[in-house]
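Heads up: the structure comes next, in structure tokens.
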Amino acid sequence: MIIKDSFSKFTNISKLSGCIAFFTNEKSEITHLKKYLSSSEHKNLSTLLKNKNKKKGFLNFDLSPKQKVILISLKKNQKPNEIEKSGAKLTDFLKGEGIEAIYIISDTISVNVKSDAIYEFLHGMRLKSYSFDRYKSKRELKTLKVNITSSKKFNKKIYDKFKAIEFGVNYTKDLVSEPGNVLHPDEYAKRLTQLKKIGLKVSVYNEKQLKKMGCNALVGVGQGSIRGSYLVTLEWKGKKTNSKPLAFVGKGVCFDTGGISLKPARFMEDMTYDMAGSAVVVGLMKNLALRKSKVNAVGVVGLVENMPGGNAQRPGDIVKSYSGKTIEVLNTDAEGRLVLADAITFTEKKFRPNLIVDLATLTGAIVVALGSEYAGLFSNNDNLSKQIHEAGEKVDEKAWRLPLHSNYDKLMNSKNADMQNINYVGGAGSTTAAQFLQRFILNKTPWAHLDIAGMAFSKYAGALNSSGATGYGVRLLNKFIEDNYE
Ligand code: BES
Ligand code: ZN
Ligand code: ZN
């Protein structure tokens, strides 16, 4: 569904026909609507209300043959995230009813929350309206016209900020949803160069350059594929000074077959979203550029396809990473950490960032531990960890910290190289993966790792998402930046 919104000056309700939405308090009281309705309409509505269950937060009536009224109840001082969810519910309701246009009388929102909350409400409506139907011959190109009437001046600044977030989130969802035959590394890298148009500085390192640089851990993962392997950097300079940037690094495995350590057939198709970490980084950078965020930030993504083949990496191969450390690849399916190893060291060395946050659909073990409620959060820095946790709670993209400890290192030490890429003893699969990544932070840069394997994709719809790609992480990191670095 495509939402077309417009803002207009408040006009007399009687002039409107179709669906009209008012906000009420949580008891669905309508005294404040006397101002908008004729006394007979108001009376009529009161009578209709008596027979309704008011606990649903959402009521609708046929006021007259030409006017349908929706009452949206909001609790007192409802938090922004709850207001967004209420908007999302409205989108679902309108979709279900086949309603194609609605007037929202936004002045009434101030019965319980601040009047600017209308932008949060609309944000929720629009986030929920996303669908990925590019490959359906019969596309449902339904549009929903949302007209917001208000006596207040249109607040372009807030409106544009939310729009930028939506563009970022939707771009992430588009990338994650694309199948592996379309969004392979060559195509992905090409698409990213188009982001120059919105003011990002984009640099692409291809396989030949990566080999020369010594990024053998990353290149090794992609060597079984007919597609290239890439490292792409996206820079946003929102500050006038050249202060150190915030760095975001993403795993971009466009398809993960497991390689020679081949995955079972069932659900292998899910591995098309194994590039979600990179897509979050890209969506975040797009959002920062669109809303002209006042930070310096850099996004770095490692793009590869993990395939079996005559030239594929073998279990037992030893590669020398960009850091100089050697890795024995005991399982070619533990490839994400190989890609990130080089991407992380490269980021630290090249950009000398203030901090590094990496995102990856890294381990099945994190889904066992946390399901699809929390991402796994690992960090070498308590303050950074706290900032991410708190931002997550605010936007309902939650992250739970799990431990790192040097005692886990022995599980990853190798007889033949500096380390091995899996833990053969078993247990703590997500922690050992994070512990592996930590070895590639060479200069004590504050670093956090988000394992989003359980969060990036959902077969079920969430409060702000339709089923499919969730875009998890874009709103979280946007909030993290907004609250702590702008
Ligand atoms: N891409 C997978 C992890 C994954 C699993 C993502 C489920 C999304 C949903 C990753 O590359 C992988 O295969 N990890 C292995 C590591 C193991 C071989 C040590 C895993 O988790 O089984
Ligand atoms: Zn894998
Ligand atoms: Zn993977």
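Things worth noting here:
- Selection within segment 404-447 - of a type in the set (D, E, K, R) and either closer than 18 Å to Thr345 by Cβ or surrounded by 19 or more Cβ atoms within 10 Å (Cβ to Cβ) (or both): Asp409, Asp418, Arg439, Lys444
- Enumeration of residues in segment 155-174 that are surrounded by fewer than 20 Cβ atoms within 10 Å (Cβ to Cβ) and of a type in the set (Phe, Trp, Tyr): Tyr159, Phe162, Phe167
- Screening segment 273-302 for residues that are open to solvent by 10 Å² or more (accessible area, probe 1.4 Å) and touching a helix residue (DSSP H, G or I) at 6+ places or on another chain (Cβ under 8 Å) and picking the one that is nearest to ligand 1 (Cβ to nearest atom) gives Tyr273.
- Among the residues of segment 22-53, the one identified as free of Cβ contacts under 8 Å to residues at least 40 places away in the same chain, in contact with a strand residue (DSSP E or B) (Cβ under 8 Å, 6 or more places away or on another chain) and acidic (Asp, Glu) is Glu41.
- Subset of segment 234-250 that is surrounded by 20 or more Cβ atoms within 10 Å (Cβ to Cβ) and more than 14 Å from ligand 3 (Cβ to nearest atom) - its residue that is farthest from Asn331 (Cα to Cα): Trp236
One line per residue, one yes/no per condition, for (1) touching a helix residue (DSSP H, G or I) at 6+ places or on another chain (Cβ under 9 Å); (2) open to solvent by 40 Å² or more (accessible area, probe 1.4 Å); (3) not in a helix (DSSP H, G or I):
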| residue | (1), (2), (3) |
| --- | --- |
| Glu84 | yes, no, no |
| Ala88 | yes, no, no |
| Thr91 | yes, no, no |
| Lys136 | no, yes, yes |
| Val146 | yes, no, yes |
| Lys153 | no, yes, yes |
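- Index of the failed condition, Leu231 passing every other in (1) within 14 Å of ligand 3 (Cβ to nearest atom); (2) touching a residue at least 40 places away in the same chain (Cβ under 8 Å); (3) not β-branched (Val, Ile, Thr): (1)
- One residue stands out among those in segment 323-359 that are more than 19 Å from Ala279 (Cα to Cα) and assigned to a strand (DSSP E or B): the one that is nearest to ligand 1 (Cβ to nearest atom), which is Val329.
- Segment 455-478 residues that are among the aromatic types (Phe, Trp, Tyr), paired with ones that are open to solvent by less than 10 Å² (accessible area, probe 1.4 Å) and at pLDDT below 95 (beta carbon under 6 Å, 6 or more apart): none
- Within segment 259-272, restricting attention to residues that are near ligand 1 (Cβ under 10 Å from one of its atoms) and not hydrophobic (A, V, I, L, M, F, W, C), the residue that is nearest to Leu200 (Cα to Cα) is Asp270.
- Just so you know, in segment 471-486 the residues that are part of a loop (DSSP other than H, G, I, E, B) and open to solvent by 20 Å² or more (accessible area, probe 1.4 Å) include one that is modelled with the lowest pLDDT, and it is Glu486.
- Tally of residues being open to solvent by 30 Å² or more (accessible area, probe 1.4 Å) and part of a helix (DSSP H, G or I) across segment 180-192: 4
- Residue check for Val253: assigned by TED's automatic domain parsing to the domain that holds Leu330, buried (at least 24 other Cβ atoms within 10 Å of the Cβ) and within 13 Å of ligand 2 (Cβ to nearest atom): yes
- Residue check: Gly376 meets all listed conditions (1) within 12 Å of ligand 1 (Cβ to nearest atom); (2) free of Cβ contacts under 8 Å to residues at least 12 places away in the same chain but one, namely (2).
- In segment 93-129, the residues that are of a type in the set (D, E, K, R), in a helix (DSSP H, G or I) and open to solvent by 40 Å² or more (accessible area, probe 1.4 Å): Lys95, Glu97
- Taking the numbered list (1) polar (S, T, N, Q); (2) open to solvent by less than 50 Å² (accessible area, probe 1.4 Å); (3) under 22 Å from Ile344 (Cα atoms) in turn, Ser177 passes all entries but (3).
The values are calculated or read from the model by the stated rules, or taken from the named source; none is laboratory data. From a predicted model like this one, the values you see are computed outputs, not experimental measurements. Methodologically, a virtual Cβ is constructed for each residue, glycine included, from the backbone with ideal geometry; neighbour enumeration extends over all protein chains shown. To get the accessible areas, we keep the full protein, side chains included, count just its heavy atoms, and leave off ligands, DNA and RNA. Shrake-Rupley method; radii C 1.70, N 1.55, O 1.52, S 1.80 Å.
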